[in-house]
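Computed from the coordinates by the stated procedures, all read-outs in this text should not be read as laboratory data. Remember, it's a predicted structure, so these values are computed and weren't measured experimentally. Cβ sites come from the backbone with ideal geometry, for glycine too, and all protein chains shown count toward neighbours.
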Amino acid sequence: MVDKNKCIGCGTCVGICPVGAISFDEDGKAKIDKNKCIKCHTCEGVCPVGAIEIDKKEE
Ligand code: SF4
Ligand code: SF4
């Protein structure tokens, strides 16, 4: 999930996700489509503010 209080809307995660699971919501914050996400954890590493956490147990 994305911590919307931390996300600064830089768009880095949106561009890097290999399956296009991340988009912006109406607030300009990143949003992950859990049905598309393959839990590769790439986005976690690229977020400059550490706003993303992919929880394996969550889904
Ligand atoms: S964990 Fe991988 S597949 Fe899931 S949203 Fe992040 S970059 Fe995309
Ligand atoms: S990389 Fe982080 S700060 Fe940038 S849009 Fe994604 S979640 Fe938000």
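Worth a mention:
- Test: residue in region 5-13 that is among the basic types (K, R) and in contact with an Asp or Glu (Cβ under 9 Å, 6 or more places away or on another chain): no
- Residue selected from region 1-27 under the condition under 14 Å from V49 (Cβ atoms) and small (G, A, S), by the criterion surrounded by the fewest Cβ atoms within 10 Å (Cβ to Cβ): G11
- Any hit, region 21-29, residues being in contact with an Asp or Glu (Cβ under 6 Å, 6 or more places away or on another chain) and assigned to a strand (DSSP E or B): no
- Check on C10, assigned to a loop (DSSP other than H, G, I, E, B) and either more than 9 Å from ligand 1 (Cβ to nearest atom) or without any contact (Cβ under 8 Å) to a residue 60 or more places away in the chain (or both): yes
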